[in-house]
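A.B. asks: My questions all concern the structure below.
The values are calculated or read from the model by the stated rules, or taken from the named source; none is laboratory data. Treat the numbers as computed from the prediction; the structure is a model and nothing was measured. Here the Cβ is made from the backbone with ideal geometry for all residues, glycine too, and neighbour counts use every protein chain on show.
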Amino acid sequence: MDHDVLEEVFAYARTFLAELPERRVTPSAGAEELRSALRGALPNEPSDPRKVIAELIAACDPGVLATTSGRFFGFVIGGATPPALAADWLTSTWDQNAGLFVAAPAASVVEEVAGRWLIDLFGLPEKTSFGFVTGGQMANFTCLAAARQHLLKKAGWDVEADGLQAGPLLRVVVGEERHATIDRALRFLGLGASTVEVVQADEQGRMRADDLLRVLESRDEPAIVCAQAGNVNSGSFDPIGEICDTARSSGAWVHVDGAFGLWAAASAEYRHLVDGVERADSWATDAHKWLNVPYDSGLAFCAHPEAHSAAMGVHASYLIHTEEGAERDEMDWNPEFSRRARGFPVYASMRALGRAGIMDLVERSCSHARRFADALASAPGVEVLNEVVLNQVIVRFQDDDAATRAVIRRVQEDGTCWLSGSVWRGKAVMRISVSNWATSTEDVDASVKAILAAARSVAG
Ligand SMILES: *Cc1c(COP(=O)(O)O)cnc(C)c1O
């Protein structure tokens with residue numbers, strides 16, 4: 001086998017990316033068409049790689065949701081900047097197993113540098129440790145594992161050695177509007193999803209700090225408090241500084257889930273939303289969201305490096321760690337063992353954008369979100385339900401669940417842009433999330449037009 005097949009991919013990628021601004025965002029193929037193009041018995045004999053890749057492209061291209069398009073506003077999905085994409089290709093070309101320094105020296109040092117840049121960008125304490133993980137889910141998991149280690153150790157219990165069953169009670173306090181990955185991380189950690197103590201949220205989805213005080217004071221056992229920077233629907237922020245102060249007085253650990261919201265810290269205009277964030281104990285965020293690197297790329301930060309490495313570290317007879325941790329052995333900071341060298345795209349994207357470029361990416365996304373909100377709210381029968389503090393807009397049509405869902409369906413069918421729905425305070429809503437470097441004012445205006453046309457056709 002030779003590598004000529006890469007030329008096939010390069011030519012296709014050039015065309016795909018060049019046509020992206022005009023491409024219909026919604027896929028043209030459904031499950032049945034994809035299946036009929038892809039299925040068949042596993043071949044007995046080898047095939048020409050060029051033919052395999054050409055056919056893979058032909059079969060899959062119609063089934064690609066154009067999430068890297070500037071007119072994609074679903075979930076919270078960032079694009080991919082060209083340098084990040086290029087570095088991601090390098091990552092696969094080098095195919096490093098970035099678990100140990102000896103196995104991938106360049107990957108280790110690139111992570112070390114990019115990790116320090118991120119700590120500086122977010123304004124976190126200098127001693128903060130970090131792990132490059134697959135996403136916000138695993139970042140939350142990693143941070144909460146460090147929290148569990150730290151608090152139980154303080155209570156005289158070695159959870160890594162002795163497990164949880166006979167150990168002291170560990171409380172977990174969460175906001176009513178936490179992300180589902182917090183509950184899932186707690187499940188993975190044996191802390192249980194239904195044993196959490198829930199603090200009320202206000203009408204924007206922000207944790208109520210006064211209610212936190214009441215919950216914390218109700219018992220004495222050590223507690224992890226899970227705060228949120230950036231509600232996945234409204235984009236709202238828990239009052240993080242106040243939460244840190246309240247928690248500190250009771251010795252609690254504060255974890256901040258800032259999957260996209262922590263990036264507000266990189267902007268002069270939005271930094272105030274995370275005021276006090278540096279006083280927390282751990283932070284989870286994503287690079288595949290607002291930094292616009294390809295999947296998968298999440299980041300876990302911890303103000304207690306000993307707890308972080310005690311929770312994650314691993315040793316085995318055949319592994320070669322650097323002496324005294326002289327160099328960065330990534331597997332001591334991640335739940336993974338063998339792993340992708342996902343530092344390369346992060347490094348390349350940060351270096352190419354610079355501080356100013358990252359700030360601009362965040363601020364432009366937010367101003368696009370406001371443009372959406374202003375244009376939609378001025379149309380009859382359309383209501384914006386949230387304070388648009390960041391990049392998220394939640395919209396309701398004719399104050400009716402069925403009408404709102406019908407508008408979302410029509411917008412998706414039309415394909416000018418793509419977005420999805422949610423439920424906000426018991427009501428069906430459309431969610432608009434802007435987090436792509438490629439989104440332009442024209443993209444927003446064309447998308448508003450498509451949404452309002454869908455709304456008119458549903459209103460009949
Ligand atoms: C997206 C998101 C997550 C999960 O992150 P993944 O990268 O999808 O694993 C967690 N919390 C919040 C607030 C999010 O927006």
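A.B. asks: Is there a residue in the stretch 182-192 that is of a type in the set (V, I, T) and either surrounded by fewer than 20 Cβ atoms within 10 Å (Cβ to Cβ) or over 20 Å from V423 (Cβ atoms) (or both)?
C.D. replies: Within the stretch 182-192 (the criterion being of a type in the set (V, I, T) and either surrounded by fewer than 20 Cβ atoms within 10 Å (Cβ to Cβ) or over 20 Å from V423 (Cβ atoms) (or both)), the answer is no, since none of the residues qualifies.
A.B. asks: A further question follows. Tell me the residue from H315, H304, H321 that is farther than 21 Å from V113 by Cβ and over 26 Å from the mean Cα position of the chain (by Cα), please.
C.D. replies: Exactly one of H315, H304, H321 is farther than 21 Å from V113 by Cβ and over 26 Å from the mean Cα position of the chain (by Cα), namely H315.
A.B. asks: Go through the stretch 199-241 and give me each residue that's touching a Pro at 6+ places or on another chain (Cβ under 8 Å), in a loop (DSSP other than H, G, I, E, B) and away from the ligand (no atom under 14 Å from the Cβ).
C.D. replies: E221, P222
A.B. asks: I'd like the residue in the stretch 324-336 that is of a type in the set (D, E) and within 30 Å of the chain's Cα centre (by Cα) and, out of all such residues, is farthest from D162 (Cα to Cα). So that I can check it myself, show each step before the final result.
C.D. replies: Taking the stretch 324-336 as the starting set, the residues that turn out to be of a type in the set (D, E) are 324, 327, 329-330, 332, 336.
In the following step, the residues that additionally are within 30 Å of the chain's Cα centre (by Cα) were identified as 327, 329-330, 332, 336.
Values: E327: 29, D329: 25, E330: 25, D332: 20, E336: 21 Å.
For the stretch 324-336, the residue satisfying everything is E327.
A.B. asks: Could you check the stretch 242-286 and list, in sequence order, the residues that are touching a Leu at 6+ places or on another chain (Cβ under 9 Å), within 15 Å of the ligand (Cβ to nearest atom) and in a strand (DSSP E or B)?
C.D. replies: The answer is H255, V256, S282, W283, A284, T285, D286.
A.B. asks: For the stretch 156-198, enumerate the residues that are in a loop (DSSP other than H, G, I, E, B) and within 17 Å of A259 (Cβ to Cβ).
C.D. replies: Hits for the stretch 156-198 are E177, R178, H179.
A.B. asks: While we're on this one: If you take the residues of the stretch 287-308 that are touching a strand residue (DSSP E or B) at 6+ places or on another chain (Cβ under 6 Å) and either among the aromatic types (F, W, Y) or part of a helix (DSSP H, G or I) (or both), which of them is nearest to the ligand (Cβ to nearest atom)?
C.D. replies: F301
A.B. asks: Okay, next question. So which residues in the stretch 28-49 are exposed (fewer than 14 other Cβ atoms within 10 Å of the Cβ) and under 30 Å from V293 (Cβ atoms)?
C.D. replies: Of everything in the stretch 28-49, those that are exposed (fewer than 14 other Cβ atoms within 10 Å of the Cβ) and under 30 Å from V293 (Cβ atoms) turn out to be S28, G30, A31, L38.
A.B. asks: Which residue is modelled with the lowest pLDDT, if the candidates are limited to the stretch 321-335 and must be over 14 Å from V109 (Cβ atoms) and either aliphatic (A, V, I, L, M) or in contact with a Leu (Cβ under 7 Å, 6 or more places away or on another chain) (or both)?
C.D. replies: Ranking the candidates gives H321 first.
A.B. asks: Right, next: Of the residues in the stretch 424-437, how many are out of contact with any strand residue (DSSP E or B) (no Cβ under 7 Å at 6 or more places or on another chain) and surrounded by fewer than 17 Cβ atoms within 10 Å (Cβ to Cβ)? Outline the logic, then answer.
C.D. replies: Initial filter on the stretch 424-437 (out of contact with any strand residue (DSSP E or B) (no Cβ under 7 Å at 6 or more places or on another chain)): 425-426, 434-435, 437.
From what's left, surrounded by fewer than 17 Cβ atoms within 10 Å (Cβ to Cβ): 425-426.
Adding up the residues that qualify gives 2.
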